[in-house]
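A.B. asks: Pasting in a structure now, in structure tokens, and then I'll have a few things to ask.
What follows is calculated from the coordinates using simple rules that are stated; it is not laboratory data. What you see is a predicted model; the values in this text were computed from it and never measured. Glycine gets a Cβ as well: all are built from the backbone with ideal geometry, and neighbour counts include every protein chain shown.
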Amino acid sequence: MDLALSKVIELRESGFQFLHLRDEDGQLDRIMGFRHRRGFIDSILFWSETEARAGRLPAVRDSSRPAQAVWLYEGPLVEAVDRLLDLPEPGTRHAPSLMKRTASDLSVVTTLPFSLKLPPGAIA
């Protein structure tokens, strides 16, 4: 637990902000960390020390299509943090740049802890 907590602190010290995402009963379900870097969002979503998903997604995307990542990792939290923080700066040599897999759960916009409830025919 101490190592995992130190990795979350390392994320915060690297400029990550956090959202506490809750289930329908209001209980903490998962935590999302994210930061903006040169046209990309580095994002991490974790449920426990053993279950995390990290990725780098374009900051601007076509909202009519699922979010895609240029880099993804799924595994233990400590390893996810290390790999995410070891990624080269976007736009530099060896930085990932080709779109890979769908990563909608890592998109900050689709993961916000609220939604609009509008009557039929209303425009948001």
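A.B. asks: State yes or no: is V60 in contact (Cβ under 8 Å) with a residue 24 or more places away in the chain and among the β-branched types (V, I, T)?
C.D. replies: Numbers: in contact (Cβ under 8 Å) with a residue 24 or more places away in the chain: no; among the β-branched types (V, I, T): yes.
Against the criterion (in contact (Cβ under 8 Å) with a residue 24 or more places away in the chain and among the β-branched types (V, I, T)), V60 does not qualify.
A.B. asks: Being assigned to a strand (DSSP E or B), more than 10 Å from the chain's Cα centre (by Cα) and either in contact (Cβ under 8 Å) with a residue 40 or more places away in the chain or surrounded by 16 or more Cβ atoms within 10 Å (Cβ to Cβ) (or both) is the filter here, so list the residues in segment 35-51 that pass it. Full working, then the answer.
C.D. replies: Start the filter on segment 35-51 by keeping residues that are assigned to a strand (DSSP E or B), which leaves 35-37, 40-48, 51.
Now drop any that are not more than 10 Å from the chain's Cα centre (by Cα), which leaves 36-37, 40, 47-48, 51.
The answer is R37, F40.
A.B. asks: Restricted to segment 11-34, and to residues that are free of Cβ contacts under 8 Å to residues at least 40 places away in the same chain, buried (at least 16 other Cβ atoms within 10 Å of the Cβ) and out of contact with any Lys or Arg (no Cβ under 6 Å at 6 or more places or on another chain), which residue is farthest from A95 (Cα to Cα)? Before the answer, list the steps.
C.D. replies: Restricting attention to segment 11-34, the residues satisfying the condition of being free of Cβ contacts under 8 Å to residues at least 40 places away in the same chain are 12-13, 15-18, 23-31, 33.
The next check asks that each one be buried (at least 16 other Cβ atoms within 10 Å of the Cβ); those that pass are 16, 30-31, 33.
Those still in the list that are out of contact with any Lys or Arg (no Cβ under 6 Å at 6 or more places or on another chain) too: 30-31, 33.
Working: R30: 28, I31: 26, G33: 20 Å.
Restricting to residues being free of Cβ contacts under 8 Å to residues at least 40 places away in the same chain, buried (at least 16 other Cβ atoms within 10 Å of the Cβ) and out of contact with any Lys or Arg (no Cβ under 6 Å at 6 or more places or on another chain), the top hit is R30.
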